[in-house]
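The values are calculated or read from the model by the stated rules, or taken from the named source; none is laboratory data. Just so it is clear, the structure is predicted and the values come from calculations on it, not from any experiment. Here Cβ is always computed from backbone atoms with ideal geometry, including for glycine, and neighbour counts include all displayed protein chains.
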Amino acid sequence: MSLRLTAMLLAIAAIASAGCGSQGEDDASPLTHDQYQAQLDLAAGKLQRALRGVKTARTTRGLKFRLAAAERGLRATGADLRKQRAPKEAATAHASLVDAFDDLAGAASVNDEVCGGASALTQLSRTDAAAKVRSAGQDLDPLDYDTRRLNVRRRSQSNRRLGNGSIVSRSGAGSGAIRITNGGDTDALLKLVSGRRRTILGIYVRANAQASASGIPPGSFRVLFASGSDWDRARRGFTRDCRFTRLEDPANYRPGVTYSLTLTPTLGGTAQSDSIDEREFLGR
């Protein structure tokens, strides 16, 4: 037999061998019902951890990190599910679930409208991607799969508020007083802060309202205020449309002084203000 013929026969044998190997991989058996349920449970656990991480974010900066982590985790979970070969009866719902995880990862992006975990999770739960996750779970339910945790519950957008004039924080005592007029269309929290970053007074003023407080000690204090919507008591801050501002001039208190302040631009007003980030407002 010639060398050329021998080489040709060996090449044909190699191709046939490769073809058999590929066919064997394509013919890999689907997961059993219990094996696939285990994969669903694993994905559900990762999903709930991602959602819990977003919800418990305490600061705007922390929320950005949590949303980024959720995006990575959800995308990785979708990739892991894509590698699984679902039972034949669950193949269509499985494909929809994989796509839903990819879409939800894309929806878990930073949004300037939200600054607290509760609102970020609410917004995420109301996306089309979250609806696709719920729909895929509903398709698997009749096939006797437990998908109770494989769910992004649709949440109602909240608008929690404190009572006008509520004192959020206070330290020191004296005979000074403050009167605040909030002419804006969002609620605000005003803070008087000492040079050592101690909060002398934190008072909540509702939109288009006036509030006052007394008992302020003498001293020179920075005037900071945050405005926004949906007050979260746990984080002591708003969860949507957050803005942080510092007046350029301090409030100088002597015994018996009453300081009047308007939080919106006023004709003839002289107070200048600067935008600040949340860390400065929190004293960090």
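Tabulated values for the structure
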read-out: Residues satisfying the stated conditions in the stretch 82-123, i.e. of a type in the set (D, E, K, R) and either touching a Ser or Thr at 6+ places or on another chain (Cβ under 6 Å) or assigned to a loop (DSSP other than H, G, I, E, B) (or both); value: Arg85, Asp112, Glu113
read-out: Arg240 farther than 18 Å from Leu263 by Cα, touching an Asp or Glu at 6+ places or on another chain (Cβ under 7 Å) and among the charged types (D, E, K, R); value: yes
read-out: Sole exception among (1) of a type outside the set (Ser, Thr, Tyr); (2) under 30 Å from Ala69 (Cα atoms); (3) part of a loop (DSSP other than H, G, I, E, B); (4) in contact with a strand residue (DSSP E or B) (Cβ under 7 Å, 6 or more places away or on another chain) for Gly165, by number; value: (2)
read-out: In the stretch 169-187, the residues that are assigned to a strand (DSSP E or B) and over 24 Å from the mean Cα position of the chain (by Cα); value: Ser169, Arg170, Gly176, Ala177, Ile178, Arg179, Ile180, Thr181, Asn182
read-out: Condition met for Leu190 (surrounded by 14 or more Cβ atoms within 10 Å (Cβ to Cβ), modelled with pLDDT under 90 and under 28 Å from the mean Cα position of the chain (by Cα)); value: no
read-out: Qualifying strands (runs of 3 or more DSSP E) (wholly inside the stretch 192-284; at least 3 residues being of a type outside the set (A, V, I, L, M)); value: 199-205, 209-216, 219-232, 237-247, 258-262, 273-275
read-out: Tally, over the stretch 98-137, of residues that are surrounded by fewer than 19 Cβ atoms within 10 Å (Cβ to Cβ) and of a type in the set (S, T, N, Q); value: 4
read-out: Hey, Gly78 in a helix (DSSP H, G or I) and either out of contact with any helix residue (DSSP H, G or I) (no Cβ under 6 Å at 6 or more places or on another chain) or at positive phi (or both) or not; value: no
read-out: From the options Gly228, Gly172, Gly176, residue that is in contact with a Phe, Trp or Tyr (Cβ under 8 Å, 6 or more places away or on another chain) and on the phi > 0 side of the Ramachandran plot; value: Gly228
read-out: Complete set of residues in the stretch 133-154 that are hydroxyl-bearing (Ser, Thr, Tyr) and outside any helix (DSSP H, G or I); value: Tyr145, Thr147
